[in-house]
Amino acid sequence: MPHTILIVDRDPRTRASLGRVLSDEGYHVVTTTTFEDASASLAMTKPDAIIADIRLGAYNGLHLIFRARGILADVVGIVIDAAIDPVLEAEAAAAQVAYLAKPLEREQLLPLLDRRLRERADPRPANARRWPRKRTDEASAVMAKRPAKVIEISYGGLRLETDEPVEAIVGSDQVIDLPAAGVSVHTRSVWTRRFESGKSWAGVEIDDSDPVVIDAWRRFVDRN
């Protein structure tokens, strides 16, 4: 049975374009224009995901998703905006709601929606989903223009080995280049360890908001 996606936007062009993209992917699409109509439809439509304009008159798309989660606790939420508002972006992130800029690109929306729906269906705790660790001897990385070896990978992060003093090159917001995965990802350091041999280990968590990057990273993990 296809997932049901509720689209809420006052702009008929946005509703039509998103509806076509999602219908072409096999989703069951329901559209409406207002916070009130969308709220009234929740019990009947039981959407698996809501894509809502952030601007819905007296309310906003986040209010709608919060209300929906009172009925459907695990509904996936995505809000869209013509111009990203940092305050609303922080509020969305805290609520695990994706906040994307219009116009939505197919390549941006579909991997994100698919990933969120798969995570929603996975009965394991979030930390178990994020850290199915796998050892690998095949990958190299570059941190702060210095080489490192990737020795363990997961959807949520990786463990690195380097001959450098790791504290000098791993930070709270470190971009790591991973040629084998074909991506550069934002990460944050979780732990570090220095050995008498001079080698260092670092455990870093993927901290990247770009759904295309996340999708490429997950494909790399699945291949190895």
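Taking H as built 1.01 Å from N, whose amide H comes closer than 5 Å to the amide H of ALA181, not counting residues under 5 places away?
none
By how many degrees, 0 to 90 and rounded to 10, does the Cα axis of helix 211-223 deviate from the longest principal axis of the chain?
Its long axis makes an angle of about 50 degrees.
Nearest 5 percent is fine: what portion of the DSSP beta bridges confined to segment 4-121 is antiparallel?
5
Could you grab the relative contact order for segment 4-121? Cα pairs under 8 Å, six or more apart, rounded to a whole percent.
Dividing the mean separation by the residue count of segment 4-121 yields 22 percent.
Which whole-number percent is the relative contact order of the chain (Cα, under 8 Å, 6+ apart)?
Result for the chain is 12 percent.
Where a ≥ b ≥ c are the square roots of the eigenvalues of the C-alpha gyration tensor, would you call segment 4-121 rounded, which needs a/c under 1.5, or, failing that, prolate if a/b is larger than b/c, or oblate?
rounded
What's the lysine pair count for the chain at a Cα cut-off below 27 Å, pairs eight or more apart or interchain?
So the count works out to 6.
Which percent, nearest 5, of DSSP beta bridges in the chain are antiparallel?
Roughly 65 percent of the DSSP beta bridges within the chain come out antiparallel.
Given N residues in the chain, what is its alpha carbon radius of gyration divided by 2.2 N^0.38 Å?
Expressed relative to 2.2 N^0.38 Å, the Cα Rg reads 1.17.
Among TRP201, TRP217, TRP191, what is the fewest-to-most ranking by other Cβ atoms within 10 Å?
Going from sparsest to densest Cβ surroundings: TRP191, TRP201, TRP217.
Could you pull out every residue, at least 5 positions away or on a different chain, whose amide H is within less than 5 Å of the one on GLY157? Hs are placed 1.01 Å off N in the peptide plane, and Pro or chain starts have none.
Distant-sequence amide H within range of GLY157: ILE206.
Laboratory data are not the source of any read-out in this text; all were calculated from the coordinates shown. Just so you know, these numbers come straight off a predicted model, no measurement behind them. Every residue, glycine among them, receives a Cβ derived from its backbone with ideal geometry; neighbour counts consider all protein chains shown.
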